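Enquirer: Could you have a look at this structure, given as structure tokens, before my questions?
The values are calculated or read from the model by the stated rules, or taken from the named source; none is laboratory data. In this text the structure is predicted, and so the values were computed from the model without any measurement. Here the Cβ positions follow ideal geometry from the backbone for every residue, glycine too, while neighbour counts run over all protein chains shown. Side chains are part of the model used for accessible areas, which takes the heavy atoms of the whole protein and leaves out ligands, DNA and RNA. Shrake-Rupley method; radii C 1.70, N 1.55, O 1.52, S 1.80 Å.
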Amino acid sequence: VGKVAVKKEDLQKYLGKDTWFQIQPVSADSEVQDNVHSSWISVLIHSYLLIMCFYRVLECQGLPIVNGQCDPYAAVSLLGPSRSDAKKTKVKRKTNNPQFEEVFYFEVTRPLSYTRRQFDVEEEDVDKLALRVDLWNASNLKFGDEFLGGVRVPLRVLGQFGVHDAWYFLQPRENGGKSVKVEELGSLRLNIVYTEDHVFPSEHYTPLRDLLLYSANVEPVSASTANILGEVCREKQEAAIPLVRLFLHYGKIVPFISAIAHAEVNRTQDPNTIFRGNSLTSKCIDETMKLAGMHYLQVTLKPIIDEICTEHKSCEIDPVKLKESENLDTNRMCIRDRYVDRIFNVITTSGVRCPTVMCDIFFSLRESAATRFQVDQDVRYTAVSSFIFLRFFAPAILSPNLFHLRPHHPDPATSRTLTLISKTIQTLGSLAKSKSANFKESYMAAFYDYFNEQKYADAVKNFLDLISTSGKWDQKSIETPIMLKEGFMIKRAQGRNRFGMKNFKKRWFRLTNHEFTYHKTKGEGALCSIPIENILAVERLEEESFKMKNMFQVIQPERALYIQANNCVEARDWIDILTKVSQCNRKRLSTYHPSAYLNGHWLCCKFSADTAPGCTPCTGGLPANIQLDVDGDRETQRIYSLYITYRTKLIKMQEACGSKSVYDGPEQEEYSTFVIDDPQETYKTLKQIVSAVDTLEKQHTKYKRDKFMNTKIGSQENPIGDKSFQCYIRQQSESSTYSI
């Protein structure tokens, strides 16, 4: 249809403002098919005996990838009033940073008029000549090669030395597009946010980074460096994004979120409003789930979301919106049985795949909420469900494109189906007992009656129990152990009896987040108890060991417990959940024996010592914590930029601390937006922040000044034709803010 193109040097004019732009026509000949700030070309022009010149195409940087490939070549022309000589370089295959290093020779005088007297080139002839180089992507498509951009260099730039060597910024072709009336294409409203980070070596950020990473240890946490960033930023999301990435990178996200969540819970008066606001805690947990839980979403929801988007089933349950050809009861049955029940089941059975970092955070939320509101027995569930259902699964179902579950926004009919599913899943996850309290629409309240059964609430609680169990915390802090799974299985005695099949007994097994036990019958006392921290691995046992199927082993420091499940599905469930609760144990094994130790040796490797190390690598069972490709220095630079942007609020917060310290009266209105629990400790932290930020600002200022003085036009850093660089240098020399 058309395009809106904003020059880099103009981005600052529209920063953070809603602006209407006229849509411009698009032409393949006039477009520079790349990120305009990143592609440039190096050229070298040299006069030769004053009657010839050679043009050397050296290299290009940052050319675009077109249709999954980049096979560039350069077309070189000498242009004048009566000539247009053209030559081409070789095609450089599969690279967007080609090294051409080719030389082209052109005559600059008319051969027929050459005499010894005219050996010197006439100045006016040279002034009329220009060299042009166009970059193309070689294509096998019938539409021809794609234009990537070009430059035009007048020969008069040779000057007195007869040599010109410079980098040029690629430009569109002149008059390449057809004439189109602009008003026919309409307008587009944009809100532009532009950020440019210039990152120093790591040692420059040490003081500020150390202050940030120490935040979880500051008492109270409201006086910490990270929490103060959330106080001064206009939007909590601004602070949450770099903070979460920084803490994840250094493995300190759980203690930080636990500290700020505990403080927020203690400030909450009503358990029904716990974590309902857009606080720094909520935004940080949201961002952590997006980063660490993306793969979890993919394996849990994507298959059924793909099915919903491709089937286009009629699922409207609002009688007002129902089409004449549709039946209300049929639609209700379709969305309930085909979609809602299935999505609910895949979610509530996915606990063993929930990333460890999310489980650790949920454990902390559960503990803080249960301690703060001891009378409310459901708060330990709602504190977790308000994130995992309300802010994770429900939004992903509602807008799968935003969570990378679908490439595009779904069509209106499918979007309506996803909305209905999302509302129902959200309400089921909140453990709602009253339909009227959760739906404004009467048709949704009627639909929810189908799910108002105890089995749904039990499934949600079991799921929340599992994902809020952590192996990194002191489990004894929980007053009552959480029962995760139980059932009858057959176990083999642990080496005390030497008589074959008589050693196998049917027992009732129970797993809590504290211990794994078995009992003679359900309800009796435990015959044996294995603390979770003593489980070193949980693996399948080869059938040949006892000629029995569906067996697995729970490996302990002294011996392994061999167990037979009722079927292969039950065996897989037990292995998954036992692995989940024990995967963070410090002494967890890396190898194991896949067969049993019988008749004085291991059946798998034939070693005779029962203490012999395992001969097979452990499967691990579950994916470890998600490792993110995060640049800690860049995130610290972003935080520094935020402190610079909101420097006036830092000063106001210092004034507020002074006011609270010396004036024991009504709080001044201009300071009421800050949460300051300890004025002295907060003021101390603010001084450290200002000191670290000032030091970084001086280093940036020196770097900007040196860059302005030393960068030459035509260098790779400042290619000819890149107006954005000159605009940037001007802005940076006029402003103390380095990141725009």
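Enquirer: Just the ratio, please: alpha-carbon radius of gyration of segment 159-303 over 2.2 N^0.38 Å, N its number of residues.
Expert: Working: Rg = 24.2 Å, N = 145, 2.2 N^0.38 = 14.6 Å.
Dividing the Cα Rg of segment 159-303 by 2.2 N^0.38 Å gives 1.66.
Enquirer: Using R₀ = 45 Å, calculate the FRET efficiency as 1/(1 + (r/R₀)^6) where r is the Cβ-Cβ separation of Leu15 and Lys505; round to 0.05.
Expert: Numbers: r = 73 Å, r/R0 = 1.61.
Result of the calculation: an efficiency of 0.05.
Enquirer: Efficiency by 1/(1 + (r/R0)^6): what FRET value for Lys520 and Gln556, r their Cβ-Cβ distance, R0 = 25 Å, to the nearest 0.05? Write down the numbers at each step before the final one.
Expert: Details: r = 20 Å, r/R0 = 0.82.
After rounding, the FRET efficiency stands at 0.75.
Enquirer: Now, a different point. Of Lys92/Lys128; Lys236/Lys652; Lys13/Lys687; Lys8/Lys704, which sit over 23 Å apart, Cα to Cα? Don't skip to the answer; put the middle values down first.
Expert: Details: Lys92/Lys128 32 Å; Lys236/Lys652 18 Å; Lys13/Lys687 33 Å; Lys8/Lys704 19 Å.
Beyond 23 Å between Cα atoms: Lys92/Lys128; Lys13/Lys687.
Enquirer: Also, I was wondering about something else. As an exercise, take the mean of 1/r over every pair of distinct alpha carbons in segment 490-611, invert it, and state the Kirkwood radius in angstroms. Spell out each step's value before the answer.
Expert: Working: mean 1/r = 0.0672 Å⁻¹.
The Cα-based Kirkwood calculation yields 14.9 Å.
Enquirer: Which FRET efficiency, nearest 0.05, do Val199 and Gln269 yield, Cβ-Cβ r, R0 56 Å? Intermediate results must be reported in sequence, preceding the final value.
Expert: Numbers: r = 43 Å, r/R0 = 0.77.
Once rounded, the FRET efficiency stands at 0.85.
Enquirer: Could you give the length gained by full extension between Thr619 and Glu311, i.e. 0.36 nm per residue of separation minus their alpha carbon distance, to one decimal place? Show your work: numbers first, answer last.
Expert: Working: separation 308, 0.36 × 308 = 110.88 nm, distance 3.70 nm.
Extra length available between Thr619 and Glu311 comes to 107.2 nm.
Enquirer: Give me the percent of the accessible area of segment 261-468 that comes from carbon and sulfur atoms, probe 1.4 Å, all protein chains in place. Numbers along the way, then the final one.
Expert: On the way: 4480 of 8770 Å².
Within segment 261-468, the accessible surface is 51 percent carbon and sulfur.
Enquirer: With each pseudo-label sitting 7 Å past Cα toward Cβ, what's the Phe488-Gln237 distance in nm, one decimal?
Expert: Inter-label distance under the simple model: 5.5 nm.
Enquirer: Take peptides 367-379, 261-273 and line them up by average Cβ neighbours within 10 Å, highest first, as a rough protection proxy. Could you put the intermediate results ahead of the total?
Expert: On the way: 367-379: 17.5, 261-273: 15.9.
Result, highest mean first: 367-379, 261-273.
Enquirer: Under unit Cβ charges (Lys, Arg +1; Asp, Glu -1), what dipole magnitude, rounded to 20 debye, does segment 261-468 have relative to its Cα centre?
Expert: On the way: 25 positive and 24 negative charges, 56 e Å.
Dipole magnitude for segment 261-468 comes out near 280 debye.
Enquirer: Now for a separate question. Of Thr273, Ile308, Ile397, whose Cα points farthest to the positive end of the dipole of segment 261-468 (charges on the beta-carbon: +1 Lys, Arg; -1 Asp, Glu; origin at the Cα centre)?
Expert: Thr273
Enquirer: Something else now. Measuring from label point to label point, each 7 Å out along Cα→Cβ, what is the Gln374 to Asp677 span in nm?
Expert: For the pair Gln374/Asp677, the computed spacing is 2.0 nm.
Enquirer: Within segment 261-468, how many Lys pairs sit with Cα atoms under 22 Å apart, leaving out pairs fewer than 8 places apart on the same chain?
Expert: Lysine pairs satisfying the spacing and distance rule in segment 261-468 number 21.
Enquirer: What residues have an amide H closer than 5 Å to that of Cys618, excluding those fewer than 5 places away on the same chain, when H is modeled at 1.01 Å from N in the peptide plane?
Expert: Counting only residues 5 or more places away or on other chains, the set is Thr591, Tyr592.
Enquirer: Can you grab the distance from the C-alpha centre of segment 561-602 to the C-alpha centre of segment 334-391, Å, no decimals?
Expert: Each part reduced to its Cα centre gives a spacing of 27 Å.
Enquirer: If I model segment 261-468 as equal point scatterers sitting on the Cα atoms and use the Debye formula, what is log10 I(q)/I(0) at q = 0.11, 0.13, 0.14, 0.15 Å⁻¹?
Expert: The Cα Debye sum returns log10 ratios of -0.53, -0.73, -0.84, -0.96.
Enquirer: Gain in length, Ala130 to Lys606, computed as 0.36 nm per residue apart minus the alpha-carbon separation, to one decimal in nm?
Expert: Working: separation 476, 0.36 × 476 = 171.36 nm, distance 8.22 nm.
The span from Ala130 to Lys606 would gain 163.1 nm if fully extended.
Enquirer: What accessible area per residue comes out for segment 176-324, rounded to a whole number of Å², with a 1.4 Å probe? Let's see the in-between values first.
Expert: On the way: 6990 Å² over 149 residues.
Value for segment 176-324: 47 Å² per residue.
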